[in-house]
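For reference, the structure discussed in these notes is given below.
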Amino acid sequence: MIQPKGTHRMIATAARLNSSPAAHFLTRPSPHGEEGRVRGQAAVSCKGVTKEFGANGTRTLALRGVDLEVSDGQLTLLVGPSGCGKTSLISIVAGLLNPTQGSVVVLGTDLSKLSGRQLVEFRAKNIGFVFQQYNLLPALSAAENAAVPLIITGWSRARAIARAREMLATVGLSHWADKFPSQLSGGEQQRVAIARALINEPRLLVCDEPTSALDAKSGQTVMELIKEVAVQPGRAVIVVTHDSRVYGFGDRMVEMSDGRISAGGN
């Protein structure tokens with residue numbers, strides 16, 4: 001059998017984490033299934049996507065007709081200079097922003113066809129988002145932060161916290177579950193953010209500059225964890241980055257410039 005790209009990194013990461021009772025999470029198929037899609041089929045398809053901000057004389061065109069496809073089982077790197085539209089694009093893909101024009105199909109679902117409530121439910125079930133600045137709530141422990149998505153979707157607090165502790169063990173933070181963000185390093189906070197993003201077992205993981213504030217060792221660990229998710233059938237990962245240290249983790253690189261895809265879009 002041909003091993004997927006990045007297998008050596010997966011084995012190294014697993015060796016460090018396999019004492020965790022939840023370490024199998026990162027290598028098991030998504031419980032949501034592939035809903036008839038096959039490995040390599042587009043998980044994300046954007047056609048003619050534009051995005052304008054502001055009004056009247058202050059309008060800014062952030063995206064200028066973007067065409068992009070992202071395949072299952074891959075980690076796609078989205079690169080380009082600051083202000084070229086990368087964050088706007090992934091925010092649209094993740095359902096956090098609406099495009100001004102164009103179509104966005106994610107995991108076989110046309111996002112424009114969903115009501116506001118349906119979009120929230122679709123995002124909660126299928127999409128995980130890792131933010132550049134972690135966005136952890138300072139008054140909550142690591143376990144409570146990781147549990148937030150489950151509590152929002154109706155899980156009891158006790159059940160959600162128990163699941164969050166399992167997820168923190170998966171990312172090597174079982175002994176930090178009761179620590180507050182101020183007591184954690186930048187790399188540890190980012191791993192909490194990854195646990196939070198993965199706790200619903202999303203089929204699409206979107207990461208915005210996940211290593212920009214981390215040292216080389218922490219960045220390596222974070223990317224190994226993200227890569228673990230990317231190689232699984234039925235799952236896909238998009239990582240926005242300026243960090244050339246992580247380029248080796250990508251299966252594919254897409255370049256953006258001035259609101260457009262300049263290379264690697266399809």
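Debye calculation, C-alpha points only, no solvent: report log10 I(q)/I(0) for the stretch 171-214 at q = 0.29 Å⁻¹, in the same order as the q values.
For the stretch 171-214 at q = 0.29 Å⁻¹, log10 I(q)/I(0) is -1.14.
Scattering from the C-alpha atoms of the stretch 225-266 alone, worked out with Debye: what is log10 I(q)/I(0) at q = 0.20, 0.29 1/Å?
With no solvent term, the Cα-only Debye profile gives -0.72, -1.14.
Go ahead and run the numbers for FRET between SER212 and SER262, Cβ-Cβ distance against an R0 of 22 Å, rounding to 0.05. Provide the component values of the computation, followed by the final result.
Working: r = 21 Å, r/R0 = 0.98.
Once rounded, the FRET efficiency stands at 0.55.
On a C-alpha basis, how far is the centre of the stretch 69-141 from the centre of the stretch 170-232 in Å? Whole number, if you could?
Using only Cα atoms, the two centres lie 18 Å from each other.
Under a crude label model (7 Å from the Cα following the beta-carbon direction), how far is ARG157 from LEU140 in nanometres?
Taking the simple label geometry, ARG157 and LEU140 are separated by 1.2 nm.
With label points built 7 Å along Cα→Cβ from the Cα atoms of GLN101 and SER71, find their separation and express it in nm.
In this crude label model, GLN101 to SER71 measures out at 3.1 nm.
Can you pull the Rg over Rh of the stretch 146-266, Cα-only, Kirkwood? Before the final figure, lay out each step's value.
Working: Rg = 15.6 Å, Rh = 15.6 Å.
We get a ratio of 1.00 for the stretch 146-266.
Would you compute the Debye intensity of the stretch 64-148 from its alpha-carbon atoms alone, equal scatterers and no solvent, and pass along log10 I(q)/I(0) at q = 0.19, 0.22, 0.23 Å⁻¹ to two decimals?
Evaluating at q = 0.19, 0.22, 0.23 Å⁻¹ gives log10 I(q)/I(0) of -1.04, -1.25, -1.30.
For LYS217, list the lysines whose Cα falls under 24 Å from its own Cα; do not include residues on the same chain fewer than 8 positions away.
The qualifying lysines are LYS5, LYS179, LYS227.
List TYR134, TYR247 from most exposed to least, where exposure is judged by having the fewest other Cβ atoms within 10 Å. Write out the running numbers ahead of the final one.
On the way: TYR134 20, TYR247 11.
If I rank by nearby Cβ atoms, fewest first, I get TYR247, TYR134.
Using Cβ contacts closer than 10 Å as the measure, can you line up HIS175, HIS242 from fewest to most? Can you show the working numbers first?
On the way: HIS175 9, HIS242 13.
By the 10 Å Cβ count, ascending: HIS175, HIS242.
So, in nm, how far is label SER82 from label LYS113 when the simple model puts each one 7 Å beyond its Cα toward the Cβ?
4.0 nm
Would you mind ranking SER244, SER218 so that the residue whose beta carbon has the fewest other beta carbons within 10 Å leads the list?
The order, fewest Cβ neighbours first, is SER244, SER218.
FYI, it's all coordinate maths here, none of it is from the lab. As the structure is a computational prediction, the values presented were derived from the model and not from experiment. Cβ coordinates were reconstructed from backbone atoms using ideal geometry, including for glycine residues, and neighbour counts include every protein chain displayed.
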